[in-house]
1. So the check is Cβ under 6 Å with 6+ separation or different chains; which pairs have a first residue in segment 35-57 that's touching a residue at least 24 places away in the same chain (Cβ under 8 Å) and assigned to a loop (DSSP other than H, G, I, E, B) and a second one that's surrounded by fewer than 16 Cβ atoms within 10 Å (Cβ to Cβ) and not hydrophobic (A, V, I, L, M, F, W, C)?
2. Where residues in segment 3-21 are of a type in the set (Val, Ile, Thr) and farther than 15 Å from Tyr100 by Cβ, which of them is modelled with the highest pLDDT?
3. Among the numbered criteria (1) over 30 Å from Val184 (Cβ atoms); (2) more than 15 Å from the chain's Cα centre (by Cα); (3) crowded, with 17+ Cβ neighbours inside 10 Å, which single criterion is violated by Arg128?
4. From (1) assigned to a helix (DSSP H, G or I); (2) out of contact with any helix residue (DSSP H, G or I) (no Cβ under 7 Å at 6 or more places or on another chain); (3) modelled with pLDDT under 95, pick out the condition that doesn't hold for Thr89.
5. Which of (1) charged (D, E, K, R); (2) surrounded by 15 or more Cβ atoms within 10 Å (Cβ to Cβ); (3) modelled with pLDDT under 90 does Asp107 not meet, given it meets every other one?
6. Which residues, counting only those in segment 154-196, are polar (S, T, N, Q), outside any strand (DSSP E or B) and at pLDDT 85 or above?
7. Taking segment 110-149, which residues are within 15 Å of Ser165 (Cα to Cα), charged (D, E, K, R) and not in a helix (DSSP H, G or I)?
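The values are calculated or read from the model by the stated rules, or taken from the named source; none is laboratory data. Owing to the predicted nature of the structure, the values given are computational and were not obtained by experimental measurement. Glycine also receives a Cβ, built like all others from the backbone with ideal geometry; neighbour counts cover every protein chain displayed.
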Amino acid sequence: MAEPIKTYSEALADRLRDIMKILGMTVSGFAEFIGRDSSHIYGILNLTRPFSDSFAVHIGIKLGINGAKVLNLNIDIPQTVSKAETVVTFKKEYKNVPEYFLSTKTDRSIDSFILEVLVKSNFLKTPRYLNEIELFVKSKYNKTFIGDQLSKALRYSVKKGVLASEKRPIRLTNGNFGKRQVDVYWLSWLLRKKIE
């Protein structure tokens, strides 16, 4: 069976992934490098935000190439962009921020997603069940996690003081509450003050 033909937006999202891979950067690292918010990058990758000409020009300037090359799918992005002066400087400056680089990426990517995207979305201003958080992340960012990755990352965020949690009766699919107690998560009051 033939592969389905990708739309131009899908191809550009793949192009952006390729650029980040060549640079060895995570979404949060690339966002910092180009001076954009992580949610902007996730929006392009998840096809909820356009990959504009001005954004391509901005990336091109940072990488020392013509912005039109970024949008032209017939031209490969040269591997040499990883040696651009701006990239080398960024990597030296942020070498102690492992979340920014693929070579040091582990489960931190989930933690950085919670810190840089989920927390800033204000979705957790009110207590939320794990399944509500999973549905929100899937619908808003088209992102899913394997097994208990998200619940572990949420518990870790509670330990760090980013989130607060407590046990509440489980909410059943029919809207009623069951007997089993599960965690609900929300922004800790300290962080909420900073965001407001």
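1. Asn46/Asn142; Leu47/Ser9
2. Residues of segment 3-21 that are of a type in the set (Val, Ile, Thr), as a first pass: 5, 7, 19.
Now narrow it down to the ones that are farther than 15 Å from Tyr100 by Cβ: 5, 7.
Numbers: Ile5: 69, Thr7: 90.
Checking each candidate, the answer is Thr7.
3. Evaluating Arg128 over (1) over 30 Å from Val184 (Cβ atoms); (2) more than 15 Å from the chain's Cα centre (by Cα); (3) crowded, with 17+ Cβ neighbours inside 10 Å leaves (1) as the failure.
4. (3)
5. (2) is the only condition that Asp107 fails.
6. Ser157, Asn174, Asn176
7. Hit for segment 110-149 is Arg128, nothing else.
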